[in-house]
Each structure stands twice: as structure tokens, then as C-alpha cells.
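Worksheet: the structure to be examined is printed underneath.
The values are calculated or read from the model by the stated rules, or taken from the named source; none is laboratory data. These figures come from a predicted structure and were not determined experimentally. Neighbour counts run over all protein chains shown; Cβ positions are idealised from the backbone, glycine included.
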Amino acid sequence: MTMVVVILSALTLVLVLFSMVEALRTPPQTTGVPARVLLILAIMMLLVVAVGNLLEHGADNPLLDAFEGYTAAMAMPMLLFFALVLRMHREIRRAQRAAMRERRLRDELDHRVRNNLAAVLGLIDLTRRSDEPQSVASFAQLIRSRVLTLSTTHEILSACRGRPVDLRHLCEQMLATFASNDLLERVRVNGPAVQLETHLAAGLALPLHELIQPLTAARELQAHLTWQQTNGVLELSWRVRNGQSSNSSLGDRPSGISATSEEMIRGFVKHELHGRLAISQSPLDGWKCEIAFPLVEFSDSLPYDERL
Amino acid sequence: MLERVAEDELVGLALAIVFTIVAALLIARLRGREWWPLLGAFALTMVGRILTVAEDFVQPALCNLLEHAAATCAAALLALFCWRLRRASPDDSAAERRPS
């Protein structure tokens, strides 16, 4: 029986020592200095009790026996105060983090609003710089169409809640922004399922709009949008063909895309998608616009060709 | 009967009972389940104090053994609490990180 008691006393001593080591290894910023001091003091008192028990039963030397009851009892309020102080400390930290999150959220919101307003102003400037003469009505319609694209893109990204966006869904939504009944029949969309990160979806939306937009005015045009994914690079192809034999309204621009739109597409592909753009025309394929961009995020300092 | 009990044992028992009841009431109000080892350590310490008093009346050897067993379990729960406390320490640097 005495041997069992000695073993239990030794085990208690080891466990209390382990508690002491763990308490000392706990980061001070987690428990706070006062809380950790209380914890360590309480464990030290229990250490005295454990050593006293071991001395009493192991070496039959009741050196600390007289203090055992008081010491063990006094360790309890210290542990209790530690628990309370730790709780207060955690609640204060939680409140501080909540306040910090709120401030950052507000800053981020301000930043996004400023970005969107800057984007709208940029669209107005670009539309005004158009090389083609336009009436106030057509100017307003074009601006409205582009701002509507921004709005639709925001709705898509908001619905996805930060998750990747399905490319086909994005294309369908871009087509749906135009109130043209036969547009879905004149634009064929083919490609495997591809998920775009939100910043890529946002960067691709307006180029898609600029490619689709001329089809609403020139009803003889038909388009075929295809894409494929190769080694993490998405390659989109937009082909426009004239569905009728004669085409006098489009002049030297068979795609119907204005120079401003082309400049806009080029800018988005280069700066937002970090990709490349190739435009070609042949009697066989018609007018073709090829956009390739990496699906994974790369450092801005790395040129696109090196990423491939 | 109480004359047979040493004064320090009675004081220890009374303090242990009071602190354990207060601890139970307060810890029960703390949110989360991470406090149960500490509450268990309190309760086992009280059991140990009761056994210290009881060994003056019934089966001293058995009470002594059980008292040490309770003390060992209390120490184990305290060790578990301290270990979980260190494991659960949040990474403050992560909280400071600005979301992109």
C-alpha cells in the first residue's frame, strides 16, 4: 500500500512539473502576464504539496506535512483568479479584434467604392475619346451598357462569395445583359468547365462585353466563342463571321468593334488578366480575337512569356 | 467527533469546499468547454480534502490511498488544462495580417 502511495505521489509530482513547464511555455501574450503569474504561483503551491507527500511517504519525513492542507487550499483561489483573469483577457482581445475587423472592413469598403467610381469615370473618358462620331443618345446607351456590365459582374462575384466563377456562367450573364432576343442564337459558346478566380472574372467581363456589344447593332454578324485550358493557361477564341453575303455597314471593321473597344480589350487583357491578345482576319475564319491568360496568380514583376 | 480531526485539516476542507463551489459557479458561466479540466481539478482537490478528514474515522489506509489517487488525477487534469492552454494559444500575428 505504501509503495502504491509513493508511486502516486511521484506521479503527481511529475504531472505538476509538467503543468509548470506547459504554463511557462504558454505565450505570455495569450494569457497576459498577471494571469500567467497566478497560474504559475498556484502550480508552485501544488508542487510543494506533491514534494511534501513524496517526502512523507517515500522517505518517511513529514517535513512539509503541516503546510499541506493550507497550501493545497490556497492554490485553489489562485487557479480560480487565473481563470477569471484569463477570461477577461480573452474577452478584451476578442473585442479588440472585432473592432479591428470592423475598421478594416470599412477601409476596404471605402477602397472598393473609390475603385468603382474611378472605373466608371474611366469608362466615361474612354467612351468620350471614341474615334467615331456619336450622338448623345448613343453615347448614353454605350455608357449605360458598360456600367451595366460592371454591375452584372459585381452581382456575379457577390453571388459567388469569393469562390471561383464558372466561365460559361459568366459568358451567359454577359450575353444576358443585352436586350437582344436573337443574340443567344447568333453567339455559340463552347468550352470545357473552367473556374475563374474572382479577379480574373472581373478582368474578363468588360472585354467580353466589348466583343459582344457590336453584335447588337449588326444583326448579320454571328460569333463563336470557344476556349480551352492548357498548362494553366486559358485560351479564348472569339470568331466573328458575317452571316450575309453583302456587308456594307461595317466598312473596314468586319467585327464591328471600334478602335476604342479594341484599345479597352487590349488594356484589360494586358493589365488585369496579365495575358496576351492576338487579332487576325482571314477569309476562312473571319475576324478572330484570341485571348490567352494564366489561370493562376503570378507575380506582377514576371513577364507573361516567362510564366508560360 | 470533530475533536479527532486536526484543525488544519478542517480549515483545508472548508476552504477546498468553498473554493470548489465558487469555482463551479463561476467556471460554469465561462463560455466554451475548455474549462472542464480545471473544474475537475478543483473537484478532485475537494475530494482529496474530504478523504483527508475521513481517514481519521474509517479505513485510514484506503482513504490515504484514495486521497493520493484523487491528487494524482487532479494533477493530471491540471496538466491537461495547461497543455490545452498552450495548444489553443491563438496566433496573434495571423490576426494582425491584413486581408487581401
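The table below lists the values:
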item	result
Matching residues, the stretch A:26-35, being facing another protein chain (nearest Cβ under 9 Å) and either β-branched (Val, Ile, Thr) or more than 33 Å from the chain's Cα centre (by Cα) (or both)	A:THR26, A:THR30, A:THR31
Those residues of the stretch B:23-42 which are of a type in the set (A, V, I, L, M), at pLDDT below 85 and in contact with a Leu (Cβ under 9 Å, 6 or more places away or on another chain), in sequence order	B:ALA23, B:ALA24, B:LEU26, B:ILE27, B:ALA28, B:LEU30, B:LEU39
Qualifying residues in the stretch A:57-75 (those that are free of Cβ contacts under 8 Å to residues at least 24 places away in the same chain and within 24 Å of B:LEU26 (Cα to Cα)) - the one farthest from the other protein chains (Cβ to nearest Cβ)	A:TYR70
Residue match in the stretch A:185-195 (condition: surrounded by fewer than 17 Cβ atoms within 10 Å (Cβ to Cβ), closer than 20 Å to A:PHE268 by Cα and modelled with pLDDT of 90 or more)	yes
Which listed residue, of A:ILE156, A:ILE92, A:ILE124, A:ILE143, is more than 30 Å from A:VAL48 (Cβ to Cβ), among the β-branched types (Val, Ile, Thr) and within 14 Å of chain B (Cβ to nearest Cβ)	A:ILE92
Of the criteria (1) surrounded by fewer than 21 Cβ atoms within 10 Å (Cβ to Cβ); (2) without any contact (Cβ under 8 Å) to a residue 24 or more places away in the chain; (3) at the interface with another protein chain (Cβ under 8 Å from one of its Cβ atoms), which one A:ALA23 fails	(1)
The lone exception for A:VAL233 - which of (1) modelled with pLDDT of 85 or more; (2) more than 20 Å from A:ILE212 (Cα to Cα); (3) over 27 Å from the mean Cα position of the chain (by Cα) it fails	(3)
